[in-house]
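**Student:** I have a structure I would like to understand better, so I am pasting it below and will then ask my questions one at a time.
The values are calculated or read from the model by the stated rules, or taken from the named source; none is laboratory data. Quantities reported herein were computed from a predicted structural model and do not represent experimental measurements. Heads up, the Cβs are rebuilt from the backbone with ideal geometry, glycines too, and the neighbour counts pull from every protein chain shown.
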Amino acid sequence: MKTNRIDIRSLFMMLLALLAWALGSAAQAAPRVPGPLVDTAWLAARQTEAGIAIIDVRDDPANFDRQLTDKEKADPKSPIVGHIPGARLLDWKLVRETREVDGVKLDKMVLTADAFEKLMRQLGVGNDQAVVIVSNGKDSNSVTMATRVYWMLKYYGHDNMALLDGGLKKWLAESRPVAFDKPAIAPSQFTAGKPRSELLASLADVEKAVSAKSAQLIDGRTADYYVGQNMTSDVKGKGHLPGARMLAHKDLVDEKTGTFLSKGEDLPQYIRVATSYLQLVAAGLMRLNPPVVSAVHGFAAGGGGMGLVCSSDFVVAAESAKFLAGATRVAMVPDAGVSVTLTQLVGLRRATEILMLNPVITAPEAKAMGLITRVVPDDRLNDEALALARELALGAPAALANTKRLLWSGIGQGVEAVMPEENHTQAVLSGMADAREGLTAVIEKRAPRFVGK
């Protein structure tokens with residue numbers, strides 16, 4: 001009878017070969033991302049590893065592989081060009097699709113599983129890879145493109161991915177290597193997983209949330225879209241869903257660095273949101289067809305006081321009313337278009353004094369300089385303001401509306417042109433130590449100690 005004998009030496013060699021294969025596979029395995037965000041140092045240390053796929057998503061694909069001209073290099077507003085070495089270009093227009101649902105043409109829809117699978121294969125992304133998604137970091141709009149790709153990967157079952165905090169902008173600011181080539185991409189065999197339905201709200205889900213108030217709706221657009229001042233061509237109506245709260249994408253990102261705000265940066269975010277609302281109200285008062293009559297009692301200070309006064313057509317103030325610009329007192333700049341409207345009302349020299357020295361202006365003084373229309377006894381304020389409004393209501397609506405339009409046309413354009421710069425400057429200054437010191441000094445009723453930082 002023959003027996004099978006085990007060759008110990010052969011078995012040992014087989015085990016060694018198996019171990020070598022396992023170690024080689026481990027060396028090629030994708031690293032695990034530490035969370036939804038990775039910083040530039042993390043990516044720089046791993047960018048050449050075979051297990052990492054870097055996706056550069058942008059709406060200006062022509063800038064992916066070109067360099068700036070000499071003229072552009074001297075212009076601070078030049079586009080961000082080039083890419084992180086090894087990155088694969090993803091044109092933003094390929095991330096969403098148009099399709100028909102119940103006979104209605106809908107734009108910017110989520111890609112189907114087949115379409116998403118095809119897109120990832122064209123980018124050479126494999127299911128076993130760690131994916132790092134890079135925006136150009138120029139502004140919050142570019143960041144939303146990257147977050148959309150992040151969400152789609154998660155929706156179709158891929159979890160080992162992260163956003164590069166600060167994107168290409170931060171990478172370049174740190175003088176890290178940049179490429180201008182068109183890297184060759186080997187197609188992959190990416191397979192889209194079963195859609196995670198819990199990550200996508202259906203129309204029925206939204207209707208239920210609105211009617212039953214069963215969930216909090218968040219509107220990620222900026223304030224001008226939220227309140228209906230602007231709308232995109234693919235949206236059929238202005239405004240927002242009932243009950244939705246605004247959390248604008250630009251209030252989550254530091255537009256100077258392209259990075260997401262940290263927990264300790266809530267003051268700049270609050271200032272940005274408040275400034276946006278004030279700007280919308282001020283611009284809205286000027287755009288309204290009917291004349292606007294404002295009644296002022298107490299203290300009209302800052303953008304919420306002085307700004308609305310300057311944006312009104314008629315201002316009736318109580319004798320005890322006072323006016324104060326106040327922004328520079330707390331190391332900030334005027335908002336709500338005051339730098340334009342106040343100057344038009346009282347002149348450049350007087351406006352400079354009011355905005356930089358922050359005098360407290362009495363109602364009679366305000367009337368004398370042209371800041372307000374009338375001064376009335378305190379106990380007659382509401383009656384006088386209503387009487388003026390009723391008098392205006394008897395006039396010819398079209399004539400009044402067009403007269404207002406002509407009066408505000410030049411001024412209004414100047415206001416809207418300066419508002420973005422106001423918003424940006426407020427956000428920058430609110431992150432400085434002087435702004436915090438100014439607010440603290442007001443609360444503590446003492447003189448501020450500014451240090452220029």
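**Student:** Find the residue count for region 98-118, including only residues that are under 27 Å from the mean Cα position of the chain (by Cα) and either part of a helix (DSSP H, G or I) or not aliphatic (A, V, I, L, M) (or both).
**Tutor:** 4
**Student:** Would you check if ASP224 is within 19 Å of MET109 (Cα to Cα) and either surrounded by 10 or more Cβ atoms within 10 Å (Cβ to Cβ) or touching a Lys or Arg at 6+ places or on another chain (Cβ under 8 Å) (or both)?
**Tutor:** no
Okay, residues lined up against (1) within 32 Å of the chain's Cα centre (by Cα); (2) on the phi > 0 side of the Ramachandran plot:
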position: LYS322; (1), (2): no, no
position: ARG329; (1), (2): yes, no
position: GLY337; (1), (2): yes, yes
position: ALA351; (1), (2): yes, no
position: ASN358; (1), (2): yes, yes
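**Student:** Sticking with this structure for a sec: Is it true that THR232 is among the hydroxyl-bearing types (Ser, Thr, Tyr) and touching a His at 6+ places or on another chain (Cβ under 8 Å)?
**Tutor:** Considered against the rule, which asks whether it is among the hydroxyl-bearing types (Ser, Thr, Tyr) and touching a His at 6+ places or on another chain (Cβ under 8 Å), THR232 comes out as no.
**Student:** Let me ask something additional. Spot the failing condition for ILE443; the list is (1) modelled with pLDDT under 90; (2) under 17 Å from GLY307 (Cβ atoms); (3) not acidic (Asp, Glu), and only one is missed.
**Tutor:** (2)
**Student:** When you check ALA74 against the structure, is it small (Gly, Ala, Ser) and surrounded by fewer than 15 Cβ atoms within 10 Å (Cβ to Cβ), yes or no?
**Tutor:** Against the criterion (small (Gly, Ala, Ser) and surrounded by fewer than 15 Cβ atoms within 10 Å (Cβ to Cβ)), ALA74 qualifies.
**Student:** Is there any pair with a first residue in region 366-391 that is in contact (Cβ under 8 Å) with a residue 24 or more places away in the chain and a second that is part of a helix (DSSP H, G or I) and exposed (fewer than 14 other Cβ atoms within 10 Å of the Cβ) whose Cβ atoms are under 8 Å apart and which are 6 or more apart or on different chains, and what are they?
**Tutor:** From residues that are in contact (Cβ under 8 Å) with a residue 24 or more places away in the chain, the pairs are VAL375/PRO364.
**Student:** Name the one entry in ALA209, ALA184, ALA192, ALA179 that is without any contact (Cβ under 8 Å) to a residue 12 or more places away in the chain and more than 22 Å from the chain's Cα centre (by Cα).
**Tutor:** Testing whether each residue is without any contact (Cβ under 8 Å) to a residue 12 or more places away in the chain and more than 22 Å from the chain's Cα centre (by Cα) leaves just ALA184.
**Student:** When the residues of region 304-355 are filtered to those that are polar (S, T, N, Q) and assigned to a loop (DSSP other than H, G, I, E, B), which remaining residue is nearest to LEU388 (Cα to Cα)?
**Tutor:** Taking the candidates together, the pick is SER312.
**Student:** Moving on to the next point. If you take the residues of region 39-53 that are free of Cβ contacts under 8 Å to residues at least 60 places away in the same chain and in a helix (DSSP H, G or I), which of them is farthest from LEU172 (Cα to Cα)?
**Tutor:** Going through the qualifying residues, I end up with TRP42.
**Student:** Which one is modelled with the highest pLDDT, of the residues in region 255-272 that are surrounded by 17 or more Cβ atoms within 10 Å (Cβ to Cβ) and either closer than 18 Å to GLY302 by Cβ or of a type in the set (D, E, K, R) (or both)?
**Tutor:** Going through the qualifying residues, I end up with GLU255.
**Student:** Follow-up. With respect to the numbered conditions (1) assigned to a helix (DSSP H, G or I); (2) over 21 Å from ARG58 (Cβ atoms); (3) not basic (Lys, Arg), which one is the sole condition not fulfilled by GLY157?
**Tutor:** (1)
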